[in-house]
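The values are calculated or read from the model by the stated rules, or taken from the named source; none is laboratory data. Everything quoted here is computed from the prediction, not taken from an experiment. So basically every Cβ, Gly included, is an ideal-geometry build from the backbone, and we count neighbours across all protein chains shown.
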Amino acid sequence: MKGVSSAVVEVLRDYNYLKPALRRGLVNYSALAREVKPKAEARLGRKVTLEAVVAALRRASPFFCRGPRSDLYSIVKACVLRLRNDMVCVHYKRTPELFLKLSNLEKRVNWEEAERMYVIQRTEEIGVVATRKFYKDLLALGGKGGELVLEASEKLALVTVVYPHEGTRTVGLSCLLASQFEELGVNIVLQFDSFSHLSFLIAEEDAPAIFERLSSLVREAVEKA
């Protein structure tokens, strides 16, 4: 089902003359929302609140008014998509001992055999995304009563977008990719990135739809770049 943000973006395409004003922050979002609201509702086939339209306008306006779309599309068209199912995720309270145990477990990961383990660290937390093979081991590291485990999830999929190095200096790339999930109503369980890879962890059941949406975005970029 189409979301409010998607409908608002479609309506905004009829307002190209507003780009200079949006770029300079001269547009009253509430006033614009009152203009956009009935058109968005017509596309959605249902009523929406004015507040929802205002929020959608604020999210959409950076893509709408920042520079030529060809710059962003030139990056997106070169993106490579990867999908990995049967993933798990465990979040822990951070302790020095836990970090050492995770380091030892990580040494057992055979990347050549398509095994994966990604460790995301914060001052007070550690998150681990891994192939299902390591799920029991990861849970065991949380203590006998699981006192260190904040949350554990399985039946997940990891969608990774590999982009050209220039993507790190391209405004709007990560937002454009993330917006595809929002428009499909797909929750992002975890998001992490490196120099040229951006990964989204989602429910496995949502993987086919979001992979097709991202593939469609790449195809569109090839046509428009």
Any hit, the range 135-156, residues being closer than 19 Å to residue 111 by Cβ and either part of a loop (DSSP other than H, G, I, E, B) or polar (S, T, N, Q) (or both): no
Selected residue [farther than 19 Å from residue 80 by Cβ and out of contact with any Leu (no Cβ under 7 Å at 6 or more places or on another chain)] from 166, 124: 124
Qualifying residue in the range 207-221 (condition: over 25 Å from residue 5 (Cα atoms) and of a type in the set (S, T, N, Q)): no
Residue match in the range 165-173 (condition: surrounded by 14 or more Cβ atoms within 10 Å (Cβ to Cβ) and at pLDDT 90 or above): no
The range 134-160 - residue that is within 27 Å of residue 195 (Cβ to Cβ) and of a type outside the set (Phe, Trp, Tyr) and, of those, surrounded by the most Cβ atoms within 10 Å (Cβ to Cβ): 158
Residue match in the range 139-157 (condition: touching a residue at least 40 places away in the same chain (Cβ under 8 Å), closer than 21 Å to residue 77 by Cα, within 14 Å of the chain's Cα centre (by Cα) and assigned by TED's automatic domain parsing to the domain that holds residue 74): no
Any chance residue 28 is modelled with pLDDT of 85 or more, exposed (fewer than 15 other Cβ atoms within 10 Å of the Cβ) and over 25 Å from residue 181 (Cβ atoms): yes
